[in-house]
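J.: Supplied in structure tokens, the structure appears directly below.
The values are calculated or read from the model by the stated rules, or taken from the named source; none is laboratory data. Note that the structure is a prediction, hence the values are computed from the model and not measured. Positions of Cβ are generated from backbone atoms using ideal geometry, with glycine treated the same way; all protein chains shown enter the neighbour counts. Calculation scope for accessible area: heavy atoms of the full protein, side chains included, ligands and nucleic acids excluded. Shrake-Rupley method; radii C 1.70, N 1.55, O 1.52, S 1.80 Å.
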Amino acid sequence: MTMGMIPQSIVGILLLMLLLVLLLILIACKPWRLCLSSSSRSRSSSLKIGGELERPLVSDDVDAHDDNNEGGRTYDIEGACYQNDGLLRAPRMEGLVHKPRLPPVSPHVTPQVDSLILEVVPDPVEDVSVGQTLKYSPLAGRLPDVQKHFRPENQIPNVKPGSQSSRLPESTAKVIDHQGSCLSLEVISGPSSGQRCSVQSTNASRVSVTLGRVSSDLLLKDSEVSGKHAMINWNADKKKWEVVDMGSLNGTLLNSRPINHHDPGSRQWGRPVELSSGDIITLGTTSNVQVNVTTKSETRIPFGIGMASDPMALRRGGKKLAMEDVCYYSWPLPDIQEFGVFGICDGHGGAAAAKSASKMLPEKLASILSDPAMREKVISQANAADVLKSAFSQTEASLTNYYEGCTATVLLVWTDGGKRFFAQCANLGDSACVVNVDGEPIKMTEDHRVSSHSERLRINGIGEKPLRDGETRLCGLNLARMLGDKFLKQQDARFSSEPYISEVVHIDQSSSSGCFALLASDGFWDVVSVKKAVQLVQQANEKEHAEGENPAEKTANVLLNEARALRTKDNTSVLFLDFDTKFRSSPCKVTAA
């Protein structure tokens, strides 16, 4: 009996131990996860941001297809295309592994001008492949915020024109000149903030402007923007500009109201909606585009005008650069048919002073030249030095920017009523102007950096503290002359707002060819010499242009692309005037932002 019971006890213990081992194996392997994984794959991954926003990450297959059509080319953050440049290629992501943070947006309103500056610090977009759009679930609470940040009165002033850059336009405004109407677009917030572009055309039925992240007219390097996100067309029947969502993944808002198809998953286009000046188009959640619509003047511009600009936002070791350049032009000046003004302001410490100065300078010039006696004096003497000096002096007195300043380069152009033009330039700072007449480039500006020889002579000759050998900055600035910076000028008398005034250049369209004027900020001249710029212009003018194209606009973009290819590390703006008689276009006045 005893011998028979012992084996049964051992068998029971062994069974208990076996069950315990199986239980431990079951807990360690967690086989129930396999059952849950299949259902979880059907749902998009989500990420909590700041405890409020849920962001499903969904691959945009349509945009990926667009990317494949680019023939393996790599795009940098500004949209430039480079062959076999592995260092600039955004890594292709397998699956949905990118989890970006939603960047805080801090609006800073500057009281000096009727415009809004948004400083946006987004996450590096180069971590996302070009063909991938990050989808964000709609958040009802964000709509009122957009209305607060962008008010109708914060629209681009009508003194400046142009665009594409359009700050006058690509500084990103795209100026489209059609059927008596001009459209200007500028990105005022988001990763591509500060971009502008411009184009002029005479065939309204064929005009369309695409907004998107891949091969678009207005290129937005924003992971929430689809490859082809929205389109703006001219409706010849209604005489109105209309915007339509192109089946984007994250939708399009117009003044905080959705205009995309009610079912975003279907990728169907929305219905066209009319645009007006002051409208704000929102693509995704962070990229906002401001709209300005103006009426085209019937007066024809007697020379070609092109503009292009780029903030070059990631050129300095990945450091984001705010767009502080402002380009503008007005031909003719209001109620003054014989005169026009073209200019660039490059801000430092912020864009407020540049925006204010670019608005004031044309207004002051128009006010001074509204006197018939003053206009007659300028035309008869062929010299506008007094007018330019007075405009700069009045602008400096009117500016209230104590801790911000800007360069200012102004080219005043006028005609004697015939085919002769006269050009005279005034400048402060290091944005430069060159006029090319009969193959001879003429420098129209003076460099006011502390390191320049002429400026060091001026500083050492005023009786204040002399500059030491090797000293290239005053109070941290490399410029000794500028508009604004009132606080620094109160602390150090070596700073000045007295402009350099050039000699007058005579341009006879009937007897000269290849005459042009080129204004550009220091971001361009830091990497491109005057000789190289002249060669690029000549090469661009030798190319044939399609009907309806603006050759001057093409040339401006050629010059900008050269600075981009040479890796300039500063905001870059180009304003190009071609006095060749075959390059004539109708004016489209748009203010640069």
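J.: Which shape class applies to the stretch 331-481: rounded if a/c is under 1.5, otherwise prolate when a/b exceeds b/c and oblate if not, where a ≥ b ≥ c are the square roots of the Cα gyration tensor eigenvalues?
T.: In terms of gyration-tensor shape, prolate.
J.: Under a plain spin-label model, where a point goes 7 Å from the Cα along Cα-to-Cβ, how far apart in nm are Ser256 and Lys239?
T.: With each label placed 7 Å out from Cα toward Cβ, I get 3.2 nm.
J.: So if we plug the beta-carbon distance of Ser393 and Asp469 into 1/(1 + (r/R0)^6) with R0 = 30 Å, what FRET efficiency do we get, rounded to 0.05?
T.: Once the sixth-power term is evaluated, E becomes 0.35.
J.: About the Cα centre, and with charges only on the beta carbon of Lys, Arg (+1) and Asp, Glu (-1), how big is the dipole of the stretch 349-463? Nearest 20 debye, please.
T.: In total the dipole reaches around 80 debye.
J.: Which order do Leu488, Leu575 take when ranked by solvent-accessible area (1.4 Å probe, heavy atoms of all protein chains), largest first?
T.: Leu488, Leu575
J.: On to the next question. With a 1.4 Å probe and all protein chains kept in place, how much accessible area does Ile462 have, in Å² rounded to the nearest 10?
T.: Per-residue accessible area (Ile462): approximately 70 Å².
J.: Separate question: What accessible area per residue, rounded to a whole number of Å², is obtained for the stretch 245-294 using a probe radius of 1.4 Å?
T.: Solvent-accessible surface per residue comes out at 39 Å².
J.: Oh, and also: Using a 1.4 Å probe, what is the accessible area per residue for the stretch 364-507, in Å²?
T.: The answer is 44 Å² per residue.
J.: Whenever you get a sec, line up Cys29, Cys345 from highest to lowest accessible area (probe 1.4 Å, protein heavy atoms).
T.: Cys29, Cys345
J.: Quick one: accessible surface of Arg456, probe radius 1.4 Å, all protein chains present, in square angstrom to the nearest 10.
T.: 50
J.: Let me ask something else. Quantify, in whole percent, the carbon and sulfur part of the accessible surface of the stretch 360-406 (1.4 Å probe; protein heavy atoms only).
T.: Answer for the stretch 360-406: carbon and sulfur cover 48 percent of the accessible area.
J.: Can you give the accessible area of Glu498, probe radius 1.4 Å, in Å² rounded to 10?
T.: Counting only protein heavy atoms, Glu498 exposes about 100 Å² to solvent.
J.: Report, in listed order, any pair from Lys389/Lys489; Lys389/Lys486; Lys443/Lys486; Lys377/Lys419; Lys531/Lys554 with a Cα-Cα distance greater than 21 Å.
T.: Pairs exceeding 21 Å: Lys443/Lys486.
J.: Label Lys419 and Asp335 with points 7 Å out from Cα along Cα→Cβ: what is the distance between them in nm?
T.: It is 3.3 nm.
J.: With a 1.4 Å probe and all protein chains kept in place, how do His229, His453, His348, His506 rank by accessible area, largest first?
T.: His453, His506, His348, His229
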